[in-house]
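No lab work stands behind these numbers, since they all come straight from the coordinates. These numbers come from a predicted model, not from an experiment. Quick reminder, even Gly has a Cβ in these numbers, built from the backbone with ideal geometry, and neighbours come from all protein chains shown.
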Amino acid sequence: MRYADAADLAWGLLALLGRTEAAFKRDPDLDYEARFIAKLLRAVILTPPIILIDRPAQMLPDTHYPPFLDTTLAALEGHFEQCWIVDYPWNEPLYAPR
């Protein structure tokens, strides 16, 4: 993929999530949510676009993560094939059935 095409794709996905301010920042300059979104979008762009989120509370310590994940994944609906969230059994009530 050409750089311009990749940049357009990345910008479009960031815009979809309302996170374009993170586009030109380096990893140390990102907050937890922006870093999570960067990693998530990298997974979305790969082929096949299958997402595995392992213990989201560790990646999003300052965020009420169940609604954040629901909103983020809903915005990306149609951009990935499958998504698995792996978490501790006692956190199961935090997630809506999918």
### Residue (of PRO49, PRO67, ALA7) at the positive-pole extreme of the chain, dipole from beta-carbon charges
ALA7
#### Entry: Added length on full extension, which subtracts the Cα-Cα distance from 0.36 nm per residue, ALA4 to ILE50
14.1 nm
### Net length gained if the chain between GLN58 and TYR32 were fully extended (0.36 nm per residue, minus Cα distance)
8.4 nm
### Message
Distances longer than 20 Å among the Cα atoms of segment 3-94: what percent of all pairs is that?
### Response
35
### Summary
In segment 3-94, taking the dipole from +1 charges on Lys and Arg beta carbons and -1 charges on Asp and Glu beta carbons about the Cα centre, the listed residue (LEU40, PHE24, CYS83) farthest towards the positive end is PHE24
### Task
Could you sort 43-49, 2-8 so that the peptide with the highest average Cβ count within 10 Å comes first and the rest follow in order?
43-49, 2-8
### Task
Could you list which residues have their amide H under 5 Å from that of CYS83, counting only those 5 or more apart in sequence or on another chain, with H placed in the peptide plane?
ILE51
### Summary
At the level of C-alpha centres, the distance separating segment 1-19 and segment 21-98, in angstrom, is 17
### Helical contribution to [θ] at 222 nm, DSSP H n ≥ 4, -39,500 (n - 2.57), averaged over the chain, rounded to 500
-13000 deg cm²/dmol
### Query
If you line up the long axis of helix 32-45 against the longest principal axis of the chain, both from Cα atoms, how many degrees apart are they, to the nearest 10?
70
#### Entry: Contact order normalised by residue count of the chain, Cα under 8 Å, 6+ apart, percent
28
### Query
Where does segment 25-70 land on Rg(C-alpha)/(2.2 N^0.38 Å)?
1.17
### Task
Wrap a convex hull around the Cα atoms of segment 9-51, take a quarter of its surface area, and give that in square nanometres.
3.0
### Message
For the ranges 80-89, 30-39, 13-22, what's the packing order if you count other beta-carbon atoms within 10 Å of each residue, average per peptide, and put the highest first?
### Response
30-39, 13-22, 80-89
